[in-house]
Amino acid sequence: MAIQAEAYAAADFAPEQPAVFRDRMALAPGLCLVACDAAGAVLGYLLSHPWVDAAPPALHSALGALPPAAVCWYLHDCAVASRAHGQGMAAVLYAQALAQARAQGLVRGALVAVDGAASYWQRLGYQVRDLGAGQSKLAAYGPGAAYMVRAFG
């Protein structure tokens, strides 16, 4: 929770509560990862889970259950402590979770890019997708939030 607070200190949305993190970890433990230093201190995390396309979960909400027909890997959050920036930790967490998502048969990825992060995700093959009438769901993520998708090749 401290890493989340640090990562989003200047964000236009409130950090999520521990219950949201626990919900994601309980539903998809193989898709929720942490990176630690040699002493076991957490330096970064990635929360993700199977989901349905074009329907990002509401921010600050527990899911309770996963949809039975999920084919999409939804990357809920990835953050790295400032003391670990520049070490490639986010890329390692992403690659490991992506491999796990593919192994589970998920065929595309989705996420909501916040705070100008869309360019980072574009470098990883994600493209902005307009949600049409559902675009209003992104308001809680702050100005400039973008729903992004990527097919797995």
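The values are calculated or read from the model by the stated rules, or taken from the named source; none is laboratory data. Everything numeric in this text was worked out from a predicted model, so none of it was measured. Positions of Cβ are backbone-derived with ideal geometry, glycine not excepted, and every protein chain shown enters the neighbour counts. When the accessible area is computed, the model is the full protein with side chains, heavy atoms only, and any ligands, DNA or RNA have been set aside. Shrake-Rupley method; radii C 1.70, N 1.55, O 1.52, S 1.80 Å.
The criterion of at least 1 residues that are over 15 Å from the mean Cα position of the chain (by Cα) is met by the following strands (runs of 3 or more DSSP E) wholly inside segment 17-84: 33-36, 42-51. Among residues of segment 73-84 that are on the phi > 0 side of the Ramachandran plot, none has a Cβ under 9 angstrom from a residue that is among the β-branched types (Val, Ile, Thr) and assigned to a strand (DSSP E or B) at a sequence gap of 6+ or on a separate chain. When you look at residue 66, is it in contact with a helix residue (DSSP H, G or I) (Cβ under 6 Å, 6 or more places away or on another chain) and without any contact (Cβ under 8 Å) to a residue 40 or more places away in the chain, yes or no? Against the criterion (in contact with a helix residue (DSSP H, G or I) (Cβ under 6 Å, 6 or more places away or on another chain) and without any contact (Cβ under 8 Å) to a residue 40 or more places away in the chain), residue 66 qualifies. From the list 69, 26, 35, the lone residue that is touching a Gly at 6+ places or on another chain (Cβ under 8 Å) and over 22 Å from residue 146 (Cβ atoms) is 35. Is at least one residue of segment 130-144 at pLDDT 95 or above, among the aromatic types (Phe, Trp, Tyr) and not in a loop (DSSP other than H, G, I, E, B)? For segment 130-144, residues at pLDDT 95 or above, among the aromatic types (Phe, Trp, Tyr) and not in a loop (DSSP other than H, G, I, E, B): absent. On the stretch given as segment 132-148, residues that are more than 14 Å from residue 58 (Cα to Cα) and open to solvent by 20 Å² or more (accessible area, probe 1.4 Å) total 4.
Considering only segment 91-109, state which residues are surrounded by 18 or more Cβ atoms within 10 Å (Cβ to Cβ) and out of contact with any Leu (no Cβ under 8 Å at 6 or more places or on another chain). Matches in segment 91-109: 98, 106. Pairs are defined by a Cβ separation below 7 Å, a sequence spacing of at least 6 or placement on different chains, a first member in segment 1-13 that is of a type outside the set (Asp, Glu), and a second member that is open to solvent by 80 Å² or more (accessible area, probe 1.4 Å) and in a loop (DSSP other than H, G, I, E, B); the pairs so defined are 11/115. Inspect segment 97-120 for any residue being in contact with a strand residue (DSSP E or B) (Cβ under 9 Å, 6 or more places away or on another chain), at pLDDT 95 or above, at negative phi and among the aromatic types (Phe, Trp, Tyr) and give the result as yes or no. Within segment 97-120, none of the residues are in contact with a strand residue (DSSP E or B) (Cβ under 9 Å, 6 or more places away or on another chain), at pLDDT 95 or above, at negative phi and among the aromatic types (Phe, Trp, Tyr).
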